[in-house]
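Student: Please read through the structure below; I'll follow up with questions.
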Amino acid sequence: MSIPKKNLISLILVLPFYLLNAQELSKKDSISNENLKFKYKQLIIPTLLIGYGVIGLASDDLKDFNLGIRNEVTDDIDGKLTIDDYSQYAPALSVYALNLCGIKGKNNLRNRSIILGTSYLLMSGTVMGLKSLTKVERPDGSGFNSFPSGHTATAFAGAEFMWQEYKDVSVWYGISGYIVATGTGFFRIYNNKHWLTDVAAGAGIGILSTKVAYWIFPYVNKHIFKSKKNISTGMIAPFYNGNQMGLGMILNLK
């Protein structure tokens, strides 16, 4: 099966704006102007993305579609770009960079750090659990941990984090985060590391993890971190140990 290149490019260009259209929330959705109330409609896009990925595990048609995209990429593109190893963290780190530049987001350092940490905990647990359960072979044959894409999940969790923190300041901050996240997913396919269904599921898991982190923040704040505690210092930075890359968070609570 051969997928026309123009169709693949159109899909990549349309995806971030399609996702952003589903992220529009009114001010009445906030809790004390900081967090989101649960609404079922907010589950639609991440559920569709995750559902598409899960169905792709058993659907011969979607497997053929995956294979067609992989063949199109490997036939027409030479070489690899490892930018996705770094771009996955860009949206989340941008939130802290903007704050350092004096552009304040929705939450203070303490609250947004707790929210991001909760999101990454939910996202990484879900991704690692599904990788161990499904054991899908990667397109390049390098392993059996293809589903879902962890890089994409990390990128979209950060993109949703950036959207929630800065959508009331400027919609373009949120759009830029989703464009970077979509680019990360594209490069996972470009580098022959993931199928389209892996990337779709990863995107859905990332978005949903951050949404859930905002929804449960009042409980986490009250019962785990105690609302009277403050963060005097905090730092989030990527790390590399020679084999794996990740994102570290250090918080100094008082």
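Each value in this text was obtained by applying a stated rule to the coordinates, not by laboratory testing. Please read all numbers here as calculations on a predicted model, not as lab measurements. Cβ coordinates were reconstructed from backbone atoms using ideal geometry, including for glycine residues, and neighbour counts include every protein chain displayed.
Student: Under 19 Å from a label point 7 Å along Cα→Cβ of Phe144: give me every residue in region 178-211 with its amide N that close.
Tutor: Of the residues in region 178-211, 193-195, 198 have backbone N under 19 Å from the label point off Phe144.
Student: Using 1/(1 + (r/R0)^6) with R0 = 41 angstrom and r between the beta carbons of Lys226 and Tyr86, what's the FRET efficiency to the nearest 0.05? Numbers along the way, then the final one.
Tutor: Numbers: r = 35 Å, r/R0 = 0.85.
Once the sixth-power term is evaluated, E becomes 0.70.
Student: Could you give the length gained by full extension between Ser170 and Lys39, i.e. 0.36 nm per residue of separation minus their alpha carbon distance, to one decimal place?
Tutor: On the way: separation 131, 0.36 × 131 = 47.16 nm, distance 2.30 nm.
Stretched out fully, the Ser170 to Lys39 stretch lengthens by 44.9 nm.
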